[in-house]
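The values are calculated or read from the model by the stated rules, or taken from the named source; none is laboratory data. Since the structure is predicted, the reported quantities are computational estimates derived from the model, not experimental observations. Glycine also receives a Cβ, built like all others from the backbone with ideal geometry; neighbour counts cover every protein chain displayed. Ligands, DNA and RNA are excluded from the accessible area calculation, which covers all protein heavy atoms including side chains. Shrake-Rupley method; radii C 1.70, N 1.55, O 1.52, S 1.80 Å.
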Amino acid sequence: STLNSLDPVIDREIYTLYKDNTFYGLPWILKDKGYKTLAFHGYKGEFWNRKEAYLGQGLDEFYSMEDLDQTELLGMGISDLSVFNQAVNIMKEVKEPFLSFIVTLTNHHPYLLPEELHTVPLLEEHEDTKFGGYLNTVRYTDYAIGEFIKKIKSEGLYDNSIIVFYGDHHGLNYGMDDNDIIVSDYLGKPYDYDEMLNVPLIIHIPKSGVNETISTTGGFIDFLPTIANIMNLEIPHPYVLGQDITNESDGIVAFTSYLFEGSLFKNDIMLEISREGILEGSRAWNIHSYESIDPLLLEEEYELTLTLKQTSEEILEQDLINDYMSNNNK
């Protein structure tokens with residue numbers, strides 16, 4: 001979604017269903033500009049079929065658990081601190097300009113850290129809960145990111161880089177482990193799907209002088225057009241479903257998982273579609289005031305999200321990027 005500005009499908013991962021499709025997202029666009037493209041992940045290469053699919057995504061080299069030093073394992077795989085260190089050691093040897101796509105892992109369910117790495121003092125009621133584990137793994141990943149920034153500075157990579165961090169999916173699951181009750185109590189406000197599905201996007205360009213917070217609603221499909229605009233890159237085909245959120249004030253996000261199809265964010269409004277897949281009986285609210293909203297008022301937005309999902313699936317099913325690139329490169 002981030003690299004290609006296309007929505008996933010609910011049936012199975014796109015990296016398996018459509019691994020032989022032609023894609024032309026951020027890695028391919030940068031390769032055409034002379035960039036080396038790298039990917040890192042501290043788990044097995046076969047996970048989500050990355051090992052097979054990444055080549056088709058335009059990534060030159062993929063370093064999975066099997067290719068990295070596994071001395072420091074935490075939770076699901078290699079620790080974030082170790083993955084960052086190993087990634088920088090590889091990046092600093094790359095002569096060309098490069099894209100480095102690093103997926104972290106420690107701050108991932110089941111949120112497990114050995115006791116000696118716990119740095120967040122927990123209330124007694126949060127001991128031995130997923131929430132307590134989440135706080136400590138968040139703190140660990142935050143520390144690892146800080147060390148990563150120090151290391152790319154010491155290796156001379158910082159000043160000439162665009163550095164982007166984003167959450168690739170939700171944190172604590174609203175419907176599990178009493179998280180809705182525990183987190184609501186901790187935050188002093190309702191912990192619902194709007195909070196669960198809200199992930200950060202932080203873009204840093206050293207020496208740019210840009211320092212602003214943009215509150216436009218955006219999703220993963222908006223990543224590619226936003227980065228392309230920042231880097232003055234042309235996307236050479238029309239099959240891009242997102243928008244550059246740095247230059248838009250109106251945004252919408254259509255969800256694929258955890259909620260039924262048609263569920264969406266639109267600016268300050270969230271719609272959770274009913275199990276029956278219709279607006280009647282659905283739930284909508286203002287994410288700031290928590291005031292309930294008549295879901296029937298969101299019919300236009302609901303229809304748009306269904307169209308976006310259907311369009312994305314047709315692009316993938318018909319391999320339309322391949323047709324377009326083939327016909328326009330003759």
- line: Taking a ≥ b ≥ c as the square roots of the eigenvalues of the Cα gyration tensor, with a/c under 1.5 meaning rounded and otherwise prolate when a/b exceeds b/c and oblate if not, segment 175-330 is oblate
- prompt: What are the residues whose amide H is under 5 Å from the amide H of PHE98, where those residues sit 5 or more places off or on another chain and H is modelled from the backbone?
  reply: LYS36
message: Could you order the peptides 198-208, 242-252 from most to least packed, using the average number of other C-beta atoms within 10 Å per residue?
response: 242-252, 198-208
For the chain, projected area of the alpha-carbon convex hull averaged over all directions, nm²: 18.3 nm²
field: Cβ-based charge dipole, the chain, positive-most Cα from TYR191, THR141, VAL210
entry: VAL210
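Residues of the chain: accessible area per residue at 1.4 Å, in Å²?
54 Å²
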query: Hey, got a sec? Which trypsin sites (Lys or Arg not before Pro) in segment 7-110 land in a DSSP loop and have at most 13 other Cβ atoms within 10 Å?
result: ARG12, LYS33, LYS92, LYS95
field: In sequence order, calculated HN-Hα J values of segment 67-80 (Karplus, 6.51, -1.76, 1.60; Hz; x Gly/Pro)
entry: 9, 10, 5, 9, 4, 10, 9, 9, x, 6, x, 5, 4, 4
message: If you count only protein heavy atoms and use a 1.4 Å probe, how large is the accessible surface of TRP48, to the nearest 10 Å²?
response: 120 Å²
statement: the chain: antiparallel bridges as % of DSSP beta bridges, rounded to 5, reads 65 percent
query: For segment 185-240, what class follows from the C-alpha gyration tensor (a ≥ b ≥ c being the square roots of its eigenvalues): rounded when a/c is under 1.5, otherwise prolate if a/b is larger than b/c, else oblate?
result: oblate
message: Based on alpha-carbon centroids, what's the gap between segment 118-135 and segment 245-259 in Å, whole number please?
response: 32 Å
message: Let me check I've understood the local charge: for TYR193, count other residues with C-beta under 11 angstrom from its C-beta, Lys and Arg +1, Asp and Glu -1. What total comes out?
response: -4
task: Kindly write out, for segment 174-181 in residue order, the coupling ³J(HN,Hα) from the Karplus curve 6.51 cos²θ - 1.76 cosθ + 1.60 (θ = phi - 60°), rounded to whole Hz, with x marking Gly and Pro.
output: 4, x, 10, 6, 6, 4, 4, 6
message: Using the basic label-point model (7 angstrom from Cα toward the beta carbon), what is the LEU117 to ASP250 distance in nanometres?
response: 4.6 nm
message: Between LYS44 and ASP159, what's the calculated FRET efficiency when r is the beta-carbon distance and R0 is 41 Å? Round to 0.05.
response: 0.75
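Once Rh for segment 15-58 is found with the Kirkwood sum over Cα pairs, what is the Stokes-Einstein diffusion coefficient at 4 °C and 1.567 mPa s, in µm²/s?
Translational diffusion coefficient: 116 µm²/s.
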task: Please list, or write none, the lysines whose alpha carbon is within less than 29 Å of the alpha carbon of LYS151, excluding same-chain residues fewer than 8 places away.
output: LYS31, LYS33, LYS36, LYS44, LYS51, LYS92, LYS95, LYS207
- prompt: According to the square roots a ≥ b ≥ c of the eigenvalues of the Cα gyration tensor, what is the shape class of segment 1-137, taking rounded for a/c under 1.5, prolate for a/b larger than b/c otherwise, and oblate for the remainder?
  reply: prolate
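Length gain on complete extension for the stretch GLU66 to ASN267, per 0.36 nm per residue less the alpha carbon to alpha carbon distance?
That works out to 68.1 nm of additional length.
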message: If I model a spin label at VAL138 and LYS92 as a point 7 Å from the Cα along the Cα→Cβ vector, what separation in nanometres do I get?
response: 3.2 nm
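How large, in percent, is the carbon and sulfur part of the accessible surface of the chain at a probe radius of 1.4 Å? Display every interim value, and only then the final one.
On the way: 8450 of 17810 Å².
With neighbouring chains kept in place, the figure for the chain is 47 percent.
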message: Within segment 265-281, name every residue whose backbone N is under 12 Å away from a label modeled 7 Å from Cα of SER292 along the Cβ vector.
response: 281
field: Helical contribution to [θ] at 222 nm, DSSP H n ≥ 4, -39,500 (n - 2.57), averaged over the chain, rounded to 500
entry: -9500 deg cm²/dmol
Computed over the chain: relative contact order in percent, which uses C-alpha pairs under 8 Å that are six or more apart: 17 percent
field: Protection proxy ranking, peptides 173-186, 112-125, average beta carbon neighbours within 10 Å, highest first
entry: 173-186, 112-125
task: Only Lys, Arg, Asp and Glu count, each charged at its Cβ (+1, +1, -1, -1), so figure out the dipole size of the chain about its Cα centre, rounded to 20 debye.
output: 1440 debye
- line: Averaged over all viewing directions, the convex hull of the alpha carbons in segment 85-133 casts a projected area in nm² of 4.9 nm²
